[in-house]
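> Quick one: the structure is below, questions incoming.
The values are calculated or read from the model by the stated rules, or taken from the named source; none is laboratory data. From a predicted model like this one, the values you see are computed outputs, not experimental measurements. Quick reminder, even Gly has a Cβ in these numbers, built from the backbone with ideal geometry, and neighbours come from all protein chains shown. Quick note on the areas: whole protein, heavy atoms, side chains included, nothing else; ligands and nucleic acids left out. Shrake-Rupley method; radii C 1.70, N 1.55, O 1.52, S 1.80 Å.
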Amino acid sequence: MAYSGCDFRLLLLPAAVVFIYIQMRLFATQSEYADRVAAAVESENHCTNQMRLLIDQISSQQGRIVALEEEKERQELERGQLKLLVKDLERKGLERLIDKVQVPVAAVVVMACNRADYLEKTINSILKYQSSVASRYPLFVSQDGPHPDVKAKALSYDQLTYMQHLDYDPVQTERPGELIAYYKIARHYKWALDELFYKHNFSRVIILEDDMEIAPDFFDYFEAAAALLDQDKSIMAVSSWNDNGQKQFVQDPYALYRSDFFPGLGWMLSRTIWDELSPKWPKAYWDDWLRLKENHKGRQFIRPEVCRTYNFGEHGSSLGQFYQQYLVPIKLNDVEVDWKSRDLSYLTKDKYTKYFAEIVKKAKPLRGADALHKVHNIEGDVRMQYKNQRQFEDIARQFGIFEEWKDGIPRTAYKGIVVFRYQTTRRIFLVAPESLRQLGIRDT
């Protein structure tokens with residue numbers, strides 16, 4: 001029995017050892033599992049925290065993206081506004097630049113000598129309408145001689161450029177009793193036009209005298225006519241004057257004509273024409289020299305029906321010749337004509353003959369010794385034929401228009417025809433023997 005009890009105890013000891021060992025292994029396994037669970041929990045917490053951080057960062061980035069998109073839209077809006085502003089500034093700057101460097105239509109020169117009071121009146125009349133277009137019509141005063149009052153008066157204006165022609169060479173007239181003034185004037189004109197065309201390099205020049213006033217549309221008229229002057233080489237010059245422009249003989253401020261007779265008194269010529277005229281410019285009487293056929297060579301002149309200049313110079317080199325009869329009654333245009341909107345192509349050589357022929361053809365022909373008296377009883381345009389210069393002068397004297405001829409051409413005439421208004425809007429055409437044939441009109 002004692003041996004059996006001993007054996008049982010001996011069996012319990014290994015069992016206890018195994019049990020203890022198992023418990024220890026179980027405890028170790030539990031501890032390891034707990035550590036792993038704790039690590040897993042910690043890892044999960046870390047992942048959660050990282051995810052939350054990432055979510056926060058994404059949310060933050062999304063906010064920044066939204067802000068950046070809004071900023072982009074704002075910048076694009078500002079950029080568009082800046083572009084418009086830049087374009088507007090560029091346009092205005094370009095306009096100012098163009099205005100500063102704009103090629104002039106023509107230089108305007110006032111030919112002066114010794115009449116300071118006349119010069120002042122002329123300059124003030126010009127500046128009244130030139131100031132707004134000064135860049136297109138730069139103003140010059142060219143004085144012949146040293147008269148101090150004229151020089152002082154010209155220099156008192158900041159709006160013009162002063163030139164002085166001092167010529168002390170003695171004048172030799174070609175005929176006894178001639179006024180040397182006409183020789184000095186011719187020298188002065190050549191010097192002044194050479195200065196403006198060759199020194200100042202203008203392509204056109206408008207010549208005025210120091211006893212003239214200008215009409216409100218003076219500059220617009222010459223700007224429109226400049227295109228004709230450039231395009232039609234059969235036009236030698238453009239004038240603002242009508243020799244028969246007295247109030248009783250004009251009506252239509254829109255009417256323009258071609259003429260074979262140089263009018264002068266406010267006229268424009270081109271450098272091309274001056275290149276031709278300058279080398280052979282006459283010693284005196286330059287205006288009558290231009291009226292010679294050998295010099296105008298069949299070219300013609302544009303003139304208005306209603307004058308764009310008015311000559312108030314009773315005292316001057318011409319000693320008031322014809323002043324009271326022909327100059328005082330001149331009608332100075334007072335209508336603002338929009339010349340830019342008017343089609344002047346009818347004045348070109350190819351079209352004008354046909355245009356003028358049509359209006360002459362429609363005029364009622366009058367014949368006989370009593371033709372002048374018949375005019376009073378006829379409505380509408382009338383044409384009267386003259387046989388020669390003497391008969392023309394007789395008819396002109398009865399109406400009161402200019403009688404003068406130069407080199408076979410009456411003043412204002414086109415192909416021998418002188419036209420003027422009489423009493424009403426009616427036109428009178430004084431027709432030379434060959435005029436109708438030259439116009440292609442069959443005289444019935």
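> I need the full set of residues from segment 190-209 which are open to solvent by 10 Å² or more (accessible area, probe 1.4 Å) and in contact (Cβ under 8 Å) with a residue 24 or more places away in the chain, in order please.
Lys190, Trp191, Asp194, Glu195, His200, Phe202, Ser203, Arg204, Glu209
> From the list Tyr129, Tyr137, Tyr198, which one is assigned to a loop (DSSP other than H, G, I, E, B) and modelled with pLDDT of 95 or more?
Tyr137
> Might you let me know whether segment 211-218 holds any residue that is outside any strand (DSSP E or B), among the acidic types (Asp, Glu) and open to solvent by 40 Å² or more (accessible area, probe 1.4 Å)?
No, segment 211-218 contains no residue that is outside any strand (DSSP E or B), among the acidic types (Asp, Glu) and open to solvent by 40 Å² or more (accessible area, probe 1.4 Å).
> Scan segment 335-369 for residues that are aliphatic (A, V, I, L, M) and farther than 14 Å from Asp381 by Cβ and report the count.
5
> With the condition kept exactly as written, say whether any residue in segment 273-293 is more than 24 Å from Val109 (Cβ to Cβ) and buried (at least 18 other Cβ atoms within 10 Å of the Cβ).
Within segment 273-293, not a single residue is more than 24 Å from Val109 (Cβ to Cβ) and buried (at least 18 other Cβ atoms within 10 Å of the Cβ).
Results for (1) part of a loop (DSSP other than H, G, I, E, B); (2) among the aliphatic types (A, V, I, L, M); (3) farther than 30 Å from Glu223 by Cβ; (4) without any contact (Cβ under 8 Å) to a residue 24 or more places away in the chain, shown as yes or no for each residue.
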| residue | (1), (2), (3), (4) |
| --- | --- |
| Tyr346 | no, no, no, yes |
| Asp350 | no, no, no, yes |
| Tyr355 | no, no, no, yes |
| Lys387 | yes, no, yes, no |
| Gln391 | no, no, yes, yes |
| Glu403 | yes, no, yes, yes |
| Thr412 | yes, no, no, no |
| Val418 | no, yes, no, no |
| Asp443 | yes, no, yes, no |
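> Follow-up. Could you say whether any residue in segment 372-379 is loosely packed, with under 14 Cβ neighbours inside 10 Å, within 42 Å of the chain's Cα centre (by Cα) and not in a strand (DSSP E or B)?
yes
> Identify the residue in segment 173-189 that is open to solvent by less than 70 Å² (accessible area, probe 1.4 Å) and of a type in the set (Val, Ile, Thr) and, among all such residues, is farthest from Ala112 (Cα to Cα).
Thr173
> Let me ask you something else. Quick one: which of Gln251, Gln164 is modelled with pLDDT of 95 or more, of a type in the set (S, T, N, Q) and not in a loop (DSSP other than H, G, I, E, B)?
Gln164
> Look at Pro170 and say whether it is open to solvent by 30 Å² or more (accessible area, probe 1.4 Å), outside any helix (DSSP H, G or I) and more than 22 Å from Gln143 (Cα to Cα).
When the stated conditions are applied, Pro170 does not pass them.
> Right, something else. Residues of segment 284-294 being in a helix (DSSP H, G or I), of a type outside the set (Phe, Trp, Tyr) and either modelled with pLDDT under 95 or under 31 Å from the mean Cα position of the chain (by Cα) (or both), which ones?
Matches in segment 284-294: Asp287, Leu290.
> Looking at segment 298-346 only, could you name the residues that are open to solvent by 50 Å² or more (accessible area, probe 1.4 Å), at pLDDT 95 or above and closer than 18 Å to Gly264 by Cβ?
Answer for segment 298-346, where residues must be open to solvent by 50 Å² or more (accessible area, probe 1.4 Å), at pLDDT 95 or above and closer than 18 Å to Gly264 by Cβ: just Lys331.
> Is one or more of the residues making up segment 240-247 within 30 Å of Arg397 (Cα to Cα), more than 27 Å from the chain's Cα centre (by Cα) and not in a loop (DSSP other than H, G, I, E, B)?
Within segment 240-247, one or more residues are within 30 Å of Arg397 (Cα to Cα), more than 27 Å from the chain's Cα centre (by Cα) and not in a loop (DSSP other than H, G, I, E, B).
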